[in-house]
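The numbers here are math on the coordinates, done by the rules we state, and not lab data. Remember, predicted model here, so these are calculated numbers, not experimental data. Note that each Cβ is placed from the backbone with ideal geometry, even for glycine, and that neighbours are counted across all protein chains shown.
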Amino acid sequence: MSLMDWIDERIHLKELIKGQLTEYYVPEEINLWYSLGGLALFIFIVQVLTGILLLVYYIPHTDFAYDSIQRIMTQVPYGWLIRLVHAVGATMMIAAVTLHMVSVLFMGSYKKPRELHWMSGFLLMLLTLGIALSGYLLPWSQLSYWGTTVATNAAGTVPWIGPELNRFLRGQEIVGGPTLSRFYAMHVALIPATMVLLVALHLFLIRRTGISDPPGR
Ligand code: HEM
């Protein structure tokens, strides 16, 4: 008896996998646009895995961050590959999520009964931008530093809460050590954990309503 059969006999796992993953019905005429949510999910998983590997050598301190990245690029076996997959993956994920959002908008898939899918998706979009922005500072290069200075300046122009938001993000008047620490905490813990929960909710909602019919059906 295989391990799978052993488990199945006790908790009927195969039935769950069939019903929820491999053999449930989707509309006959779904098109390529419907693959973009899955693509975003795939890239998110790649980002989590490559991110964990980068954490092994990355040092979140203003004195060591830049050098630790140089070490990953030049000395750690395949470090350059993992880092570039993570950096390019960030851009690809923004592209996939944006295209996914635009496609569900123009196909009208956000309409009743899928408003909650849109709302949870919209939060995921904001978090995707937040995780990309917080990750951008981590190499502590000139580009990261000034890019973050510009982005946090932009946050400072938000009506009413701007100055507080700017101060909260930076942790002090200018971008510095406290900014690196809080961006690190957001990038590796707070935002990814929230995203995992929201993706779970997003997928749960999709399974509850089923996939929408393409327009014109
Ligand atoms: C990390 C980001 C996201 C992931 C991993 C994700 C994942 C998915 C997956 C796997 C599907 C089912 C297949 C499909 O229709 O593509 C889906 C559907 C959907 N998503 Fe997302 N999504 C994300 C972001 C968003 C955003 C930004 C929006 C819009 C603001 C959104 C709104 C929707 C809607 C309305 C559906 C239902 C589509 C239908 O039933 O036809 N999602 N999502």
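Side notes on the structure shown:
- Residues of segment 67-80 that turn out to be out of contact with any helix residue (DSSP H, G or I) (no Cβ under 9 Å at 6 or more places or on another chain), in a helix (DSSP H, G or I) and surrounded by fewer than 18 Cβ atoms within 10 Å (Cβ to Cβ), as a count: 2
- Within segment 118-163, tally of residues that are of a type outside the set (Val, Ile, Thr) and within 16 Å of the ligand (Cβ to nearest atom): 16
- The number of residues in segment 22-51 that are touching a residue at least 24 places away in the same chain (Cβ under 8 Å) and assigned to a loop (DSSP other than H, G, I, E, B) comes to 7.
- Remark: pairs (first residue in segment 118-143, within 15 Å of residue 194 (Cα to Cα) and free of Cβ contacts under 8 Å to residues at least 40 places away in the same chain; second residue surrounded by fewer than 15 Cβ atoms within 10 Å (Cβ to Cβ) and β-branched (Val, Ile, Thr); Cβ separation under 7 Å; 6+ apart in sequence or on different chains) are absent.
- Selection within segment 79-90 - away from the ligand (no atom under 14 Å from the Cβ) and within 18 Å of the chain's Cα centre (by Cα): 82, 83, 84, 85, 86, 87, 88
- Checking each residue in segment 188-200 for being exposed (fewer than 15 other Cβ atoms within 10 Å of the Cβ) and more than 11 Å from the ligand (Cβ to nearest atom) picks out 189, 193, 197.
- For segment 70-78, the criterion of being more than 12 Å from the ligand (Cβ to nearest atom), of a type in the set (A, V, I, L, M, F, W, C), within 29 Å of residue 133 (Cα to Cα) and without any contact (Cβ under 8 Å) to a residue 12 or more places away in the chain is met by at least one residue.
- Any hit, segment 169-182, residues being within 15 Å of residue 126 (Cβ to Cβ), surrounded by 14 or more Cβ atoms within 10 Å (Cβ to Cβ) and either touching a residue at least 24 places away in the same chain (Cβ under 8 Å) or within 16 Å of the ligand (Cβ to nearest atom) (or both): no
- For segment 201-217, a residue qualifies if it is assigned to a helix (DSSP H, G or I) and more than 10 Å from the ligand (Cβ to nearest atom), and the qualifying residues are 201, 204, 208.
- If you filter segment 95-117 down to residues that are under 16 Å from the mean Cα position of the chain (by Cα) and surrounded by fewer than 17 Cβ atoms within 10 Å (Cβ to Cβ), you find that the one that is farthest from the ligand (Cβ to nearest atom) is 95.
- Hey, residue 215 of a type outside the set (A, V, I, L, M, F, W, C) and closer than 30 Å to residue 72 by Cα or not: no
- A search for C-beta distances below 8 Å between a residue of segment 149-167 that is at negative phi and any residue that is among the charged types (D, E, K, R) and in a helix (DSSP H, G or I), counting only pairs 6+ apart in sequence or on different chains, returns 152/170.
- Condition check for residue 185: buried (at least 16 other Cβ atoms within 10 Å of the Cβ) and over 29 Å from residue 106 (Cα atoms): no
- Residues located in segment 16-25, provided they are surrounded by 11 or more Cβ atoms within 10 Å (Cβ to Cβ) and either of a type in the set (A, V, I, L, M, F, W, C) or out of contact with any Gly (no Cβ under 9 Å at 6 or more places or on another chain) (or both): 16, 17, 18, 19, 20
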